[in-house]
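Report on one structure; see the data block that follows.
The values are calculated or read from the model by the stated rules, or taken from the named source; none is laboratory data. Values in this document were obtained by computation on a predicted structure and should not be read as measured data. Note that we place each Cβ from the backbone using ideal geometry, even for glycine, and neighbour counts take in every protein chain shown.
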Amino acid sequence: MAEHNRKGAEGEQLASRWLEANGFTVLHRNWRSGRGEIDIVARDGDFLVVVEVKTRGSARWGPPELAVGPAKRRMLLNAATELLQTVEEDIELRFDVLSITHTAAGPEFLHIPDAFYPTL
């Protein structure tokens, strides 16, 4: 497995644990559709949450959350549209980013609820 894939998988595992420790219910990891992949699908109260996880080995190249640009947002919106077709209840959708930066003291988490709003 390539280093960036390994780091991404480790980040998603850390993110799943962090979300669950903070009251989320993780429903899916690496949910795939014809239009892309959602790192984590979780439930937070009345919300179905699409969580994009960004992990970096250090802060050297800037905050990981800045890597969620317009193309990634479009892909997430397209995948979430397909995800909603599989959900039997009427539920609000939210897009969060969970940023993980590894430091000497351990991983630092930055959770950004409502990180962006879908636009067509």
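Would you please list the contacts, defined by Cβ atoms under 7 Å and residues six or more apart or on different chains, that run from a residue in region 1-24 that is within 16 Å of T101 (Cβ to Cβ) and surrounded by fewer than 16 Cβ atoms within 10 Å (Cβ to Cβ) to a residue that is charged (D, E, K, R) and modelled with pLDDT under 70?
Within 7 Å, no pair qualifies.
L77 versus (1) hydrophobic (A, V, I, L, M, F, W, C); (2) surrounded by 15 or more Cβ atoms within 10 Å (Cβ to Cβ); (3) within 19 Å of T103 (Cβ to Cβ): which is the lone unmet condition?
Result: L77 passes all but (3).
Hey, among the residues in region 51-74 that are touching a Leu at 6+ places or on another chain (Cβ under 9 Å) and within 14 Å of Y117 (Cα to Cα), which one's surrounded by the most Cβ atoms within 10 Å (Cβ to Cβ)?
V51
Given D44, D114, which one is within 24 Å of R17 (Cα to Cα), under 14 Å from the mean Cα position of the chain (by Cα), surrounded by 15 or more Cβ atoms within 10 Å (Cβ to Cβ) and modelled with pLDDT of 90 or more?
On inspection, the qualifying residue turns out to be D44.
Looking at D96, is it closer than 20 Å to T25 by Cβ and either at pLDDT below 95 or out of contact with any Pro (no Cβ under 6 Å at 6 or more places or on another chain) (or both)?
No, not satisfied.
So which of S33, S99 is of a type in the set (S, T, N, Q), touching a strand residue (DSSP E or B) at 6+ places or on another chain (Cβ under 8 Å) and crowded, with 16+ Cβ neighbours inside 10 Å?
Matching residue, one of S33, S99: S99.
Answer with yes or no whether L93 is in contact (Cβ under 8 Å) with a residue 60 or more places away in the chain, among the aliphatic types (A, V, I, L, M) and either buried (at least 20 other Cβ atoms within 10 Å of the Cβ) or assigned to a strand (DSSP E or B) (or both).
Answer is no for this residue.
Which count do you get for residues in region 60-90 that are assigned to a helix (DSSP H, G or I) and either of a type outside the set (S, T, Y) or touching a residue at least 60 places away in the same chain (Cβ under 8 Å) (or both)?
Result for region 60-90: 18.
Identify the single condition in (1) touching a helix residue (DSSP H, G or I) at 6+ places or on another chain (Cβ under 7 Å); (2) at pLDDT below 90 that T103 does not satisfy, given that it satisfies every other one.
(1)
Please identify the pairs in which a residue from region 35-51 that is at positive phi has its Cβ atom under 8 Å from the Cβ atom of a residue that is of a type outside the set (K, R) and surrounded by 22 or more Cβ atoms within 10 Å (Cβ to Cβ), counting only partners at least 6 apart or on another chain.
These pairs meet every condition: G36/L76.
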